[in-house]
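A.B. asks: Questions regarding the structure given below will be posed in turn.
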Amino acid sequence: MEVAYIVFILSFNIKYAYSATDTSVYLLNDGHKIPTVALGTSLGHLSDLWNDAHDIDEVIPALKKSLDDLKMDYVDLYLMHYPMAYSKNGSVKNTDYIETWKGLELAKGQNLARSIGVSNFNITQMKRLWENSTVKPAVLQIEVNPSITQVELVDWCKEHGVVVMAYSPFGGILGRKKDAPPPHADDPTLVGLAKKYNKTVPQILLRYLLDRQLVAIPRSTNKDRIKENIDIMNFSLTPDEVENLSKFNSDYRLRTPVKWYSHPEFPFEKKNLSDAEIKYIIEHSKED
Ligand SMILES: NC(=O)c1ccc[n+]([C@@H]2O[C@H](COP(=O)([O-])OP(=O)(O)OC[C@H]3O[C@@H](n4cnc5c(N)ncnc54)[C@H](OP(=O)(O)O)[C@@H]3O)[C@@H](O)[C@H]2O)c1
């Protein structure tokens, strides 16, 4: 089936009271609040929390179907997943993301989504969306961790009041990818900070995000690790420690979806791969 964009939804079951000193929530540019750390629930492209939306007039029916499935009246946050149109078999088309965004604006106008945002947009695409939207995106969800700090994009978002939600907060650091560059979980800087604050290395990595005023969405299927991942509100890193961790940046991404390389709005830098290599990766369902 041909799909223009995959749009996905997030809902925060816990309601928070916001105050200027409360580090458990941020205030969004539309007046709503968002938790600073939340459970990442997507286990991949088959997640039930995704729906396929084609053009502007298809966003509302797709969202309504998801709401029916979830037995909910509205979602707290509705995100456009990529700035490019693509199909499940990897082929691409050219529907403009500005058009799809209008569908998200309608969803917000109908109170089906309290806040709307985007994911995997680069700075050029954010600027264009900003200039061509009535409702500005409240959130940008992108990969951020010490291996990919995204300083320019995060700074732009801060200047424009867009909250950045950091996905893959552990990157390849905990050993998920054999070829991941430093830092690794046994890195002396990370281990030293963990000792200093009597926390674990994963907690230091999450706190790094919060101390850059980002939302962290760690995923875990393990009850103890889920508890560990939210037990980060009773300490904070110093600005120097944050800066030191940012020095690890190598712009290393966990995933670069090569199957969409040919799309004119592919948002990331491309690896220097031959057509044959791209074909091989797609055929073997590897993304990088
Ligand atoms: N917008 C996008 O394109 C996009 C892309 C990727 C991800 N995301 C979102 O971001 C969320 C998180 O990113 P992610 O799934 O790539 O990875 P992640 O949260 O960085 O890492 C998840 C991995 O870390 C392990 N883990 C979690 N907590 C741990 C801890 N305290 N100690 C040791 N290991 C721990 C998990 O294993 P266990 O389950 O065994 O604990 C799992 O293998 C996803 O669920 C999804 O919602 C969005």
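No value in this document is a laboratory result; all are computed from the given coordinates. If you're wondering where the values come from, they're calculated on a predicted model, not measured in any experiment. Note that we place each Cβ from the backbone using ideal geometry, even for glycine, and neighbour counts take in every protein chain shown.
A.B. asks: Obtain the nm distance between the two label points defined at Gln213 and Asp231 by a simple spin-label model: each point lies 7 Å from its Cα along the Cα-to-C-beta direction.
C.D. replies: Taking the simple label geometry, Gln213 and Asp231 are separated by 3.0 nm.
A.B. asks: So, one more: Can you sort Thr200, Thr36 by how many other beta carbons sit within 10 Å, fewest first?
C.D. replies: Ranked by crowding around the Cβ, least crowded first: Thr200, Thr36.
A.B. asks: Loop-only check: which trypsin sites (Lys or Arg not before Pro) in segment 203-288 are DSSP coil with at most 14 other Cβ within 10 angstrom?
C.D. replies: In loop regions of segment 203-288 (DSSP not H, G, I, E or B), the sparsely surrounded trypsin sites (Lys or Arg not before Pro) are Lys247, Arg255, Lys270, Lys271, Lys286.
A.B. asks: With each label point set 7 Å from Cα along the Cα-Cβ vector, what nm distance links Asp155 and Lys64?
C.D. replies: Each label point is offset 7 Å from its Cα along the Cβ direction, giving 4.5 nm.
A.B. asks: Arrange the following residues from fewest to most other Cβ atoms within 10 Å of their Cβ: Thr238, Thr41.
C.D. replies: Thr238, Thr41
A.B. asks: Cross-link candidates for Lys270: which aspartates and glutamates have Cα within less than 19 Å, leaving aside residues fewer than 8 places away along the same chain?
C.D. replies: In chain and number order, the partners are Glu143, Glu152, Asp179, Asp251, Glu283, Glu287, Asp288.
A.B. asks: Something else about it: When Ser274, Ser24, Ser147 are ordered from fewest to most other Cβ atoms inside 10 Å of their Cβ, what list results?
C.D. replies: Fewest-to-most Cβ neighbours within 10 Å comes out as Ser274, Ser24, Ser147.
A.B. asks: In µm²/s, what is D for segment 5-283 at 4 °C and 1.567 mPa s, where D = kT/(6 pi eta Rh) by Stokes-Einstein and Rh is the Kirkwood radius from Cα pairs?
C.D. replies: Roughly 66 µm²/s, to the nearest whole number.
A.B. asks: Restricting attention to segment 198-286, which chymotrypsin sites (Phe, Trp or Tyr not before Pro) occupy a DSSP loop and are surrounded by at most 15 other Cβ atoms within 10 Å?
C.D. replies: Counting only loop positions with at most 15 other Cβ atoms within 10 Å, the chymotrypsin sites (Phe, Trp or Tyr not before Pro) in segment 198-286 are Phe235.
A.B. asks: Using the Kirkwood radius over C-alpha pairs as Rh, can you work out the diffusion coefficient of segment 208-283 via Stokes-Einstein at 4 °C, viscosity 1.567 mPa s, in µm² per second?
C.D. replies: Roughly 81 µm²/s, to the nearest whole number.
A.B. asks: Looking at segment 234-288, which GluC sites (Glu not before Pro) are DSSP coil and have at most 15 other C-beta atoms within 10 Å of their C-beta?
C.D. replies: Of the GluC sites (Glu not before Pro), the ones in loops of segment 234-288 whose Cβ has at most 15 other Cβ atoms within 10 Å are Glu269, Glu287.
A.B. asks: May I ask which residue of Ile281, Val191, Leu28 lies farthest towards the positive end of the charge dipole of segment 5-283, with charges of +1 (Lys, Arg) and -1 (Asp, Glu) on Cβ and the Cα centre as origin?
C.D. replies: Val191
A.B. asks: Shape of segment 171-231 from its Cα gyration tensor (a ≥ b ≥ c, root eigenvalues): rounded if a/c is under 1.5, otherwise prolate when a/b > b/c, or oblate?
C.D. replies: Because its axes are fairly even, with a/c under 1.5, segment 171-231 counts as rounded.
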